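Enquirer: My structure is below; once you've seen it, I'll send some questions.
The values are calculated or read from the model by the stated rules, or taken from the named source; none is laboratory data. In this text, all values refer to a predicted model and were calculated from it rather than measured experimentally. Note: ideal-geometry Cβ built from the backbone for every residue, glycine included; neighbour counts use all protein chains shown. For accessibility, only protein heavy atoms count, side chains too; no ligands or nucleic acids. Shrake-Rupley method; radii C 1.70, N 1.55, O 1.52, S 1.80 Å.
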Amino acid sequence: MNKQSLFPKESKKIYGSDVMVNILKQHGIKYVACNPGATIRGLHDSVVNDAGDNPLTLVLCCHEEISVAIAHGYAKATGQCMAVFIHTNVGLQHASMAVFNAWCDRVPILLIGGVGPLDITKRRPWIDWIHTSNDQASVLRGYIKWEDQPVGLYGTRDALYRAFRIANTEPKAPVYVGIDASIQEEITEEFIQLEDIKWLVPIVQPQADNEALNQLAELLVSAESPVVLVDYMGKNPDSVAHLVALAELLALPVIDKGGRYNFPNTHQLYMGSEGKEFLSTTDCILTLDVQDLYGAFGYFDKEKNIYVNCLNDKAMIAHISLSDYLISSSVADYQKLAPIDLPIAANTLKAIPELVKLCKSKINSTISAKIEKRLGLLQAKHLELRKNWLLKANNELSKNPISIPAMVLTIWESIENEKWILANGGNTLILDWIRKLWKLDKPGCYLGFSGGAGLGYGLGASIGAALAYKNTDTICINLQCDGDFLFTPSALWTAAHYEVPLLIIMMNNRSYNNTKEHAEHIAEYRNRPRNNATVGSDLTQPNVDYPKLAESFGIKSYETIQSIEKIKVTIKLALAYIKKYKKPALIDLIIE
Ligand SMILES: Cc1ncc(C[n+]2csc(CCOP(=O)(O)OP(=O)(O)O)c2C)c(N)n1
Ligand SMILES: [Mg+2]
């Protein structure tokens, strides 16, 4: 990078925020989402007046929660960090919910906050006093990986380099740097060294201990009915091929909790997300980046309101993860403590190929015969599972209102020959059916869930993913729950303005259905009328007119769909529109 290209051509003077923006560009950052404000006006000016190479695109958002959700979705779609500029204490409070989601989902985001000015002689009366907080980052402290509020431009330079490295070192997570408005606006007398590429070298990831991996290989090879449980391993998409190799080598059934795309669901060793019968009979479980390990060993019985553990006592458990390297003492997303016989701290991307090598070296003819026999049984099991899932969905095709399995199947049949990725899958039930019925066989085709289950995620995250696919022929699909949507409907403006290739299909049950289910359950338990469960959970009177709302933001929409027959034809029209005009579209679908 040469010095000339770093700063606006017309301007002879270089400002603090020019240096900051160039540091972002050095890291390959392309987009910065923001809702503007006085404490980030220096940064704002440096972005929009950048006459150098590869200027950043400012993605204007109508709420900071949307800015952060966009960065969240973008990071999952690309594996790259986005930056978000956040206007002081007020913007940070709006951003915090979405930062929480990104934290729980272990997604890197570079959050840059405007601060102050801390020097009271530089403050405007009233507003700069209200908008200056001591310890501003305290709003986020429980769910970011690192924070800094540097003093001076040199300190800010170091903080940004460090922030980027920390956010992108596994386990990845959001980081926050609060930058005094006056540092952004000061003229730099000296040129600040930017060319030291040693600051940009990526970290070498930790490999597992050799002895522990060898022990694990021994366990897996000698086991009678070993099982793999996987959840977030696919955060490194290259690890999927390694898991496929391991599973095929040993005929391991794979139970996929779906935090990311981990394993092709069409593979004969894919066994869905529950695997009750495998857990109850296995003698050895390998768990890979599973977030809720204890929860994954069983299921929650809604009727009885209890967790049922399916794991048999004799199973040896080995877990490969770096999760203990990033723990918050305030968010209990580390989950209930689970029993582990062989905990291995390592990056699964590096550990699994090494494990494959070790297992290969231990297979003899007796073990080969055992594996062969197991494979036959597992193939049959996989086919049976898929047949039953499809049967259930087909049996529901005539249901009215449209059922979730039937809807998921019909949407699949409408897009299977298109180039698509699933940017957001609504809620956990819809996602579960997607994993049962869609063909998910390429890394990147499925981006998981919100992480923190904080509503307001879907639309922003989908726009972030769709930004990554702008100017391509891939269409991002968002199965968008109505309740989640109503937290951040103004994200439609950003989708329209930046013309992202996004198909939004409203999962419109005119309800906080999850809330209604809780209300019904508790009423039943207390012997009270179930009918009142709709009070405080139904989103009716008035019904929201989503097509009209979308049109008002300049987004193409279609007549609300009430019957399953209309789904395919409407999706076809919407896809043709998105391909032709390279703009988003919305379909409103009434479901159960
Ligand atoms: C920020 C936030 N507020 C409240 C909740 C509690 N909550 C969980 S699910 C849910 C209803 C979600 O409704 P919708 O998105 O329409 O999905 P549905 O249950 O109808 O499928 C609510 C209110 C939450 N998870 N996050
Ligand atoms: Mg709903």
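Enquirer: Rounded to a whole number of µm²/s, how large is the Stokes-Einstein D of segment 445-545 at 25 °C and 0.890 mPa s, given Rh as the Kirkwood radius over C-alpha pairs? Please list the in-between numbers first.
Expert: Numbers: Rh = 15.2 Å.
Calculated translational D: 161 µm²/s.
Enquirer: Moving on to the next point. Taking only DSSP H segments of four or more residues, each worth -39500 (n - 2.57), what value at 222 nm results for the chain once the sum is divided by all its residues, to the nearest 500 deg cm²/dmol?
Expert: It lands at -12500 deg cm²/dmol.
Enquirer: Taking a cut-off of 26 Å between Cα atoms, list the lysines near K583, but don't count ones fewer than 8 places away on the same chain.
Expert: Hits, sequence-local ones excluded: K30, K76, K419, K439, K442, K470, K548, K556, K566, K568, K572.
Enquirer: Exposed loop sites here are chymotrypsin sites (Phe, Trp or Tyr not before Pro) in DSSP loop states with at most 14 other C-beta atoms within 10 Å. What is the longest stretch of the chain lacking them?
Expert: That would be 192-592.
Enquirer: Calculate, axis by axis, the spread of Cα positions in the chain along the three principal axes, and write the results as whole Å, longest axis first.
Expert: If we take the Cα atoms of the chain, the spans are 75, 62, 51 Å.
Enquirer: Take the Cα atoms of segment 313-425, find their three principal axes, and give me the spread along each one in whole Å, biggest first.
Expert: Projected onto its principal axes, the Cα set of segment 313-425 covers 51, 50, 36 Å.
Enquirer: Then there is this: Whole number in Å², please: accessible area per residue of the chain, 1.4 Å probe, ligands, DNA and RNA not counted. Show your work: numbers first, answer last.
Expert: Details: 25870 Å² over 592 residues.
Counting only protein heavy atoms, the per-residue value for the chain is 44 Å².
Enquirer: Could you state the orientation-averaged shadow area of the convex hull built on the Cα atoms of segment 56-213, in nm² to one decimal? Present the calculation step by step, with values, prior to reporting the outcome.
Expert: On the way: hull surface 46.3 nm².
Taking the Cα atoms of segment 56-213, their convex hull projects to 11.6 nm² on average.
Enquirer: State the antiparallel share, in %, of DSSP beta bridges confined to the chain, rounding to the nearest 5. Mind showing how you got there, number by number?
Expert: Values: 6 of 65 bridges.
Among the beta bridges of the chain, antiparallel pairing accounts for roughly 10 percent.
Enquirer: Any lysines with Cα under 17 Å of the K360 Cα? List them, leaving off those in the same chain fewer than 8 positions away.
Expert: K350, K370
Enquirer: Now for a different question. Would you mind telling me the share, in percent, of accessible area of segment 401-473 contributed by carbon and sulfur at probe 1.4 angstrom?
Expert: Working: 1100 of 2230 Å².
The computed percentage sits at 49.
Enquirer: Right, next: Please work out the Kirkwood hydrodynamic radius for segment 396-590, using every pair of different C-alpha atoms, and report it in angstroms with one decimal place.
Expert: 17.1
Enquirer: Mind jotting down the distance between the C-alpha centroids of segment 298-353 and segment 68-136, whole Å?
Expert: Cα centroid of segment 68-136 versus Cα centroid of segment 298-353: 32 Å apart.
Enquirer: Under 13 Å from the Cα of K516, which aspartates and glutamates turn up, not counting those fewer than eight places away in the same chain?
Expert: Here the aspartates and glutamates satisfying the reach criterion relative to K516 are E524, D538, E592.
Enquirer: Using r as the Cβ-Cβ distance of W129 and D545, and R0 as 35 Å, what FRET efficiency do you calculate, to the nearest 0.05?
Expert: Numbers: r = 43 Å, r/R0 = 1.23.
Result of the calculation: an efficiency of 0.25.
Enquirer: Treat each spin label as a single point 7 Å out from the Cα along the C-beta direction, and report the I327 to E517 distance in nm.
Expert: 3.1
Enquirer: Right, next: Quick one: work out the % antiparallel among DSSP beta bridges in segment 396-590, nearest 5.
Expert: Percent antiparallel among DSSP bridges in segment 396-590 is about 5.
Enquirer: While we're on this one: Please state the charge dipole magnitude for the chain, taken about the Cα centre, from unit charges on C-beta atoms (+1 on K and R, -1 on D and E), reported in debye and rounded to the nearest 20.
Expert: Taking the Cα centre of the chain as origin, the dipole is about 1100 debye.
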